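The values are calculated or read from the model by the stated rules, or taken from the named source; none is laboratory data. These numbers were taken from a predicted model, which means no experiment stands behind them. Neighbour counts run over all protein chains shown; Cβ positions are idealised from the backbone, glycine included.
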Ligand code: FEO
Ligand code: CA
Ligand code: CA
Ligand code: CA
């Protein structure tokens with residue numbers, strides 16, 4: 001019962017009710033300030049955001065990008081660097097035309113420059129966090145930034161293009177969703193829906209079966225990048241999409257460094273990359289492929305991590321595996337090698353990781369989003385956000401998606417969080433056991449399995465868990481990217497929100513509710529844990545928000561800093 005749990009609570013706040021207000025709701029004693037918003041200049045040679053024009057390609061390239069998602073703090077000498085992904089852009093908000101398909105050359109280029117990664121020095125001025133304008137560390141990494149290709153696929157024919165006949169250098173990163181951080185102080189930006197940016201001037205062009213499995217087609221989603229850069233014309237450059245869909249390693253402390261695409265970690269629609277140092281020193285990276293009926297992956301390095309030693313090869317050489325869950329609570333990691341997959345080389349396995357996973361019988365999942373490791377024990381959690389196709393139909397080119405195991409509901413609307421324990425607490429072991437930490441639902445509207453698990457109540461219900469991250473205290477923070485209609489199956493869920501869960505008792509308490517039509521995504525802390533940085537993405541995506549400025553202003557994605565009025569630890 002809840003009352004018994006309260007006695008041993010590790011929550012430093014009282015749960016809050018849901019909300020449909022166009023603002024941020026927090027528990028008593030907490031406050032939120034804006035740190036940076038879409039279009040805020042990082043350099044004084046760029047103008048302030050212009051609500052009338054929403055900026056230009058030139059201003060956007062010198063400003064914080066749009067739709068911030070994963071992020072991390074890097075404390076460095078006496079400085080604090082905040083690194084954040086700018087995942088995508090809502091074209092109808094970005095452009096004054098309000099159209100979803102961009103036509104104007106500068107609007108297309110502005111959209112492109114709103115993507116990528118922003119590196120920013122931040123500091124507290126009179127108690128409020130702000131970007132240090134013109135810091136030498138401030139940097140925009142965009143879809144045009146030079147990047148090195150590393151790992152098994154580097155130099156392979158599948159990733160060679162006319163512009164790069166060696167297959168070792170590429171340009172840019174886009175649709176960076178979740179992230180990761182290495183123990184050697186680099187940032188990992190994870191490329192997710194990279195496919196929606198490719199098109200062909202000839203719409204009758206047929207892409208290969210391999211590209212279809214990744215959702216590439218002759219029609220893009222409205223970004224129109226092929227109109228300003230031939231790289232994105234898949235008829236002219238059929239290998240260009242093979243150069244996206246990776247995890248990108250960035251050194252935020254060296255603004256001249258060349259980001260590295262890590263092909264060893266596989267090519268799929270990456271959510272985040274949770275890095276663990278195993279007991280034996282090997283680096284283990286857990287990753288989800290956020291697509292209905294795709295897989296969960298693990299990378300184990302060949303080499304071991306030693307502080308101060310060269311780390312370059314750790315994420316270039318190793319073994320990529322996919323997860324298979326059994327209905328009886330056990331599971332195993334299936335290695336993807338030429339022997340197990342029948343594929344010609346590890347290069348091909350990395351580029352076509354989804355196809356490799358299908359050959360070994362990996363478990364099709366309900367859209368694996370973020371993965372996070374408990375800092376106190378060998379225990380890992382993954383948010384399976386929802387899957388309307390579960391048991392109903394299969395994605396083009398994908399595997400069957402039967403109901404069962406960690407994906408127990410047909411046409412899953414609400415999502416769940418699965419967790420597992422590696423055999424012998426060894427993250428490199430092939431075996432594990434698993435259970436479901438929570439099955440989201442609506443116990444007010446439903447009394448069957450759509451009500452959710454026992455730790456879901458009328459007071460904490462939510463749908464579509466997405467961003468999850470442990471804090472240093474061992475609380476599991478849960479961010480949602482779900483249905484905010486607040487009616488029918490979702491009555492009482494309100495706007496997207498953030499909650500925290502106790503991994504030991506299962507108790508979940510709501511902490512924050514975001515503004516209208518937003519998603520809450522991206523989470524990190526100052527090293528002293530007195531500030532929590534939270535991402536608010538796409539407020540007003542359908543035109544019904546003016547957060548954060550209010551009135552008739554353009555809604556803008558932003559990072560907020562949550563602190564306690566008494567200066568205490570957050571959470
Ligand atoms: Fe960009 Fe899977 O969320
Ligand atoms: Ca996400
Ligand atoms: Ca999502
Ligand atoms: Ca999103």
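Scanning segment 253-274 for residues that are farther than 27 Å from residue 211 by Cβ and either surrounded by 24 or more Cβ atoms within 10 Å (Cβ to Cβ) or within 16 Å of ligand 1 (Cβ to nearest atom) (or both) yields a count of 1.
If you take the residues in segment 384-405 that are assigned to a strand (DSSP E or B) and within 16 Å of ligand 2 (Cβ to nearest atom), which one is surrounded by the most Cβ atoms within 10 Å (Cβ to Cβ)? Before you say what the answer is, go through the steps one by one.
Here is the first cut: in segment 384-405, the ones assigned to a strand (DSSP E or B) are 384, 387, 404.
Next, only the ones that are within 16 Å of ligand 2 (Cβ to nearest atom) stay: 384, 387.
Numbers: 384: 27, 387: 24.
Applying the filter and picking the extreme gives 384.
The test for being within 16 Å of ligand 3 (Cβ to nearest atom) and more than 24 Å from residue 437 (Cβ to Cβ) holds for residue 536. Within segment 99-114, the set of residues being outside any loop (DSSP other than H, G, I, E, B) and in contact (Cβ under 8 Å) with a residue 60 or more places away in the chain comprises 105, 108, 109, 111, 112. Is it the case that residue 148 is over 21 Å from residue 538 (Cβ atoms), in contact with a strand residue (DSSP E or B) (Cβ under 7 Å, 6 or more places away or on another chain) and outside any helix (DSSP H, G or I)? Judged against the criteria, residue 148 is a match.
Checked against the criteria, residue 179 does not count as touching a residue at least 60 places away in the same chain (Cβ under 8 Å) and farther than 24 Å from residue 317 by Cβ. The listed residues are 506, 472, and the only one of them that is more than 15 Å from ligand 3 (Cβ to nearest atom), in a loop (DSSP other than H, G, I, E, B), modelled with pLDDT under 95 and closer than 30 Å to residue 377 by Cβ turns out to be 472. The single condition among (1) away from ligand 3 (no atom under 16 Å from the Cβ); (2) crowded, with 18+ Cβ neighbours inside 10 Å that residue 219 does not meet is (2).
Screening the candidates 483, 473, 495 for the property of being touching a residue at least 12 places away in the same chain (Cβ under 8 Å), in contact with a helix residue (DSSP H, G or I) (Cβ under 6 Å, 6 or more places away or on another chain) and either surrounded by 22 or more Cβ atoms within 10 Å (Cβ to Cβ) or on the phi < 0 side of the Ramachandran plot (or both) yields one hit, 483. In summary, residue 179 fulfils each of the numbered conditions (1) under 30 Å from residue 565 (Cβ atoms); (2) in a loop (DSSP other than H, G, I, E, B); (3) within 16 Å of ligand 2 (Cβ to nearest atom) with the single exception of condition (2).
Matching residues to (1) touching a strand residue (DSSP E or B) at 6+ places or on another chain (Cβ under 7 Å); (2) at pLDDT below 95; (3) farther than 17 Å from residue 144 by Cβ:
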position	(1), (2), (3)
22	no, no, yes
35	yes, no, yes
50	no, no, yes
61	yes, no, no
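Entry remark, segment 507-516: residues being farther than 24 Å from residue 554 by Cα and out of contact with any helix residue (DSSP H, G or I) (no Cβ under 8 Å at 6 or more places or on another chain) number 4 in total.
The condition (being within 16 Å of ligand 3 (Cβ to nearest atom) and in contact with a helix residue (DSSP H, G or I) (Cβ under 6 Å, 6 or more places away or on another chain)) is satisfied by just one residue among 242, 193, 179, 175: 175.
Considering only residues that are part of a loop (DSSP other than H, G, I, E, B), touching a strand residue (DSSP E or B) at 6+ places or on another chain (Cβ under 9 Å) and more than 16 Å from ligand 3 (Cβ to nearest atom), look in segment 343-374 and name the one that is farthest from residue 194 (Cα to Cα).
374
Go through segment 358-371 and report how many residues are within 14 Å of ligand 2 (Cβ to nearest atom) and surrounded by fewer than 24 Cβ atoms within 10 Å (Cβ to Cβ). Residues in segment 358-371 being within 14 Å of ligand 2 (Cβ to nearest atom) and surrounded by fewer than 24 Cβ atoms within 10 Å (Cβ to Cβ): 0 in total.
Rundown of residues vs (1) part of a loop (DSSP other than H, G, I, E, B); (2) modelled with pLDDT under 95; (3) under 30 Å from residue 94 (Cα atoms); (4) within 16 Å of ligand 2 (Cβ to nearest atom), yes/no style:
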| residue | (1), (2), (3), (4) |
| --- | --- |
| 129 | no, no, yes, no |
| 136 | yes, no, yes, no |
| 165 | yes, no, no, no |
| 174 | yes, no, yes, yes |
| 185 | yes, no, no, no |
| 189 | no, no, yes, yes |
| 207 | yes, no, yes, no |
| 211 | no, no, yes, no |
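Within segment 422-429, does at least one residue satisfy the condition of being surrounded by fewer than 21 Cβ atoms within 10 Å (Cβ to Cβ), assigned to a strand (DSSP E or B), at pLDDT 95 or above and within 24 Å of the chain's Cα centre (by Cα)? Scanning segment 422-429 turns up no residue that is surrounded by fewer than 21 Cβ atoms within 10 Å (Cβ to Cβ), assigned to a strand (DSSP E or B), at pLDDT 95 or above and within 24 Å of the chain's Cα centre (by Cα).
Of the residues that sit in segment 62-81 and are within 19 Å of residue 44 (Cβ to Cβ) and more than 22 Å from the chain's Cα centre (by Cα), which one is surrounded by the fewest Cβ atoms within 10 Å (Cβ to Cβ)?
First, the residues of segment 62-81 that are within 19 Å of residue 44 (Cβ to Cβ): 62-65, 79, 81.
Imposing the further condition that a residue be more than 22 Å from the chain's Cα centre (by Cα) reduces the set to 62, 79.
Numbers: 62: 17, 79: 15.
In this case the residue turns out to be 79.
Taken residue by residue, segment 431-441 has at least one member that is more than 16 Å from ligand 2 (Cβ to nearest atom) and assigned to a loop (DSSP other than H, G, I, E, B).
The number of residues in segment 191-205 being within 16 Å of ligand 4 (Cβ to nearest atom), part of a loop (DSSP other than H, G, I, E, B) and buried (at least 22 other Cβ atoms within 10 Å of the Cβ) comes to 1.
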